[in-house]
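The values are calculated or read from the model by the stated rules, or taken from the named source; none is laboratory data. Source: prediction; values computed, not measured. No Cβ is skipped: glycine too gets one built from the backbone with ideal geometry, and neighbour counts run over all protein chains shown.
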Amino acid sequence: MSSRVLIVAEHDGTKLNASTAKCVTCAQGIAGAQITIVVCAVEAAAVAAQAAQLSGVSRVLCVENPANGHALAAVWAPQVIALAGPFSHILGPSTTFGKDLMARIAGLLGAPQVSDIMAIDSPTRFRRPIYAGNAILTVESSGDGKVVGTVRTASFEAAAGGAAAPIETAAVSVALPTHTRFVSVSAARSDRPDLQTARRVISGGRALGSAEGFKILYSLADKLGAAVGASRAAVDAGYAPNEMQVGQTGKIIAPELYVAVGISGAIQHLTGIKDARTIVAINKDSEAPIFEVADIGLVGDLFQIIPEIERLV
Amino acid sequence: MKRILVGIKRVVDYNVRIRVKPDGSGVVTDGVKMSINPFDEIALEEALRIKERGGAEEVIVATVGPADCQQQLRTALAMGADRALHVQADGVVEPLVAARALLQLIEREQPLLVILGKQAIDDDNGQTGQVLAALWNRPQATYASKIELTAGTARVTREVDAGLETLDVDLPAVITTDLRLNEPRYVKLPDIMKAKKKPLDTLTLSALGVEQRQQLRLVRFEPPPQRQKGIRVKDAAELLEALKKKGLL
């Protein structure tokens, strides 16, 4: 029996998140899979048009409802369930959006969820990291019934564009709960590249000493066109906002170049960067664990080294 | 009575270096320190603080797992939980089974709030809270970094990829905790003594009418691939040279 995969699109109402294109690549790992993307939105057209361009997608379904303005799991899940019937696999990204939503979908279906899929061996066999990436587990579903999954976006390239899948409107009439209400979202506006998709990322740790100290990283990042991240310790200390946190409990990223500045390299941080193509570590402690994973290590005072790099670039 | 139910899980302590067994059947847990999952400890701390502020009258801590879990329940009682429920289960307990068991406890105890960690640091599934909220047909607020209770509602600040999101959820609801919600208290020796006298009830999955189904077979555990050893450079100029050689600048 051929597999039919439903991917729940992540978007902000106007723009499709790159995580969705990575889910498409993951789904293509299921041989012969027919891939459908569902866009839940108030008005889905703009996002659906972007989804339809992704290579490998056979159809885009739009589910429009005035209640879909924010991705509330309790509101979106029943709408996805209403469409889930014909599908063997239901996937979403392993971002805070997808982790929140997909497990609610799995719960409603009574289906198993494979979290953080990093590889697909067969339609029923999946690999995923456990113990903060210190072990890789292969799991197998029975093959009868649906499987829900979240896709570890750092493990997959984004699917290419240029295609033109048909876009359809799906009529979904289910009662939606009103018990969960969006109030606000506060995010520091930044003109820098998005941390999760940037090709270059510079991250700072507690050694930066203060929010003020982070300024040397912002300055270098702007010169390199890089995104800026932070270790958990730096976020806990209030030097950087939570959305900048890289690691097991923050963002898991896979840039071409990752520069860890004044970060000792706790396991939970390393989990978030192990898919980076090249890791550079700058730290005054030559014994710091970050050097064990770094491709290029530089021992020294970051407050001298960072401005010097900026001058020389 | 206004109750908060807190779900906890016994896991390998976060300081333990994880080793995969040579036969690929699991990770080494013999003689390894076990603890309350750190996110669940934060969940319990938050419940205790809500009770201390007068927002609840009783904190119940519950777990689903083997007999050894009672150690972690006792620790939770020593932290300040009023009573503990142990749902006895050996072998793999998938999130759906844990959530079904917790739902049965909810029906018995009628809590106004259920707080769980956002994920366990062993299997890293991150599902139980959301699955429970789905089965219960109640709101979920995951990755909480701030919880404010008012009559009938919780205002929850969530750590999401975009920044901080605030939701209002009607009670009862399920909330899962992120790291910055609070710093759990240390357990004091007299509290450990007192905890021995607090009620700890043992139940079974079958008594709750929950089947211990395993829908995902654990095929193989492997150590992660190691990165190749890198090089050291002596200054900024050498670093830039090395990056240029790799075509990264």
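Observations, loosely collected:
- Taking the conditions (1) touching a residue at least 40 places away in the same chain (Cβ under 8 Å); (2) touching a Phe, Trp or Tyr at 6+ places or on another chain (Cβ under 9 Å) in turn, A:Glu157 satisfies each one other than (2).
- A count restricted to segment B:75-111 and to residues that are over 26 Å from B:Gly152 (Cα atoms) and surrounded by 19 or more Cβ atoms within 10 Å (Cβ to Cβ) stands at 14.
- Selection status of B:Lys194, under 30 Å from B:Leu102 (Cα atoms) and either in a helix (DSSP H, G or I) or among the charged types (D, E, K, R) (or both): yes
- Scanning segment A:140-199 for residues that are of a type in the set (Asp, Glu) and under 22 Å from A:His70 (Cβ atoms) turns up just one, A:Asp194.
- All strands (runs of 3 or more DSSP E) inside segment A:26-138 with 3 or more residues being within 9 Å of another protein chain (Cβ to nearest Cβ) and at pLDDT 95 or above: A:113-117, A:125-130
- Which listed residue is buried (at least 20 other Cβ atoms within 10 Å of the Cβ), more than 11 Å from chain B (Cβ to nearest Cβ) and at pLDDT 95 or above, from A:Ala221, A:Ala211, A:Ala254, A:Ala281: A:Ala221
- Per the conditions (1) surrounded by 21 or more Cβ atoms within 10 Å (Cβ to Cβ); (2) assigned to a loop (DSSP other than H, G, I, E, B); (3) in contact with a helix residue (DSSP H, G or I) (Cβ under 6 Å, 6 or more places away or on another chain), the sole criterion not satisfied by B:Pro184 is (1).
- Leading residue by the ranking (farthest from the chain's Cα centre (by Cα)) among those in segment A:289-302 that are more than 9 Å from chain B (Cβ to nearest Cβ) and under 17 Å from B:Gln226 (Cα atoms): A:Pro289
- Among residues of segment B:153-174 being outside any strand (DSSP E or B) and modelled with pLDDT under 95, the one that is nearest to B:Asp124 (Cα to Cα) is B:Asp161.
- Single residue of segment B:220-249 satisfying the filter (assigned to a helix (DSSP H, G or I) and charged (D, E, K, R)) that is farthest from A:Ala119 (Cα to Cα): B:Glu238
- A:Ile305 buried (at least 23 other Cβ atoms within 10 Å of the Cβ), within 8 Å of another protein chain (Cβ to nearest Cβ), over 23 Å from the mean Cα position of the chain (by Cα) and of a type in the set (Val, Ile, Thr): no
- Helices (runs of 4 or more DSSP H) wholly inside segment B:50-146 containing at least 2 residues that are more than 14 Å from chain A (Cβ to nearest Cβ), under 24 Å from A:Thr180 (Cβ atoms) and over 15 Å from the mean Cα position of the chain (by Cα): B:95-109
- Conditions (1) in contact (Cβ under 8 Å) with a residue 24 or more places away in the chain; (2) more than 9 Å from chain A (Cβ to nearest Cβ): number failed by B:Arg180: (2)
- Count of segment A:257-270 residues, restricted to those that are within 10 Å of chain B (Cβ to nearest Cβ), touching a residue at least 60 places away in the same chain (Cβ under 8 Å) and crowded, with 22+ Cβ neighbours inside 10 Å, is 1.
- Residue within segment A:163-178 that is more than 30 Å from B:Val12 (Cα to Cα), facing chain B (nearest Cβ under 10 Å) and not aromatic (Phe, Trp, Tyr) present: yes
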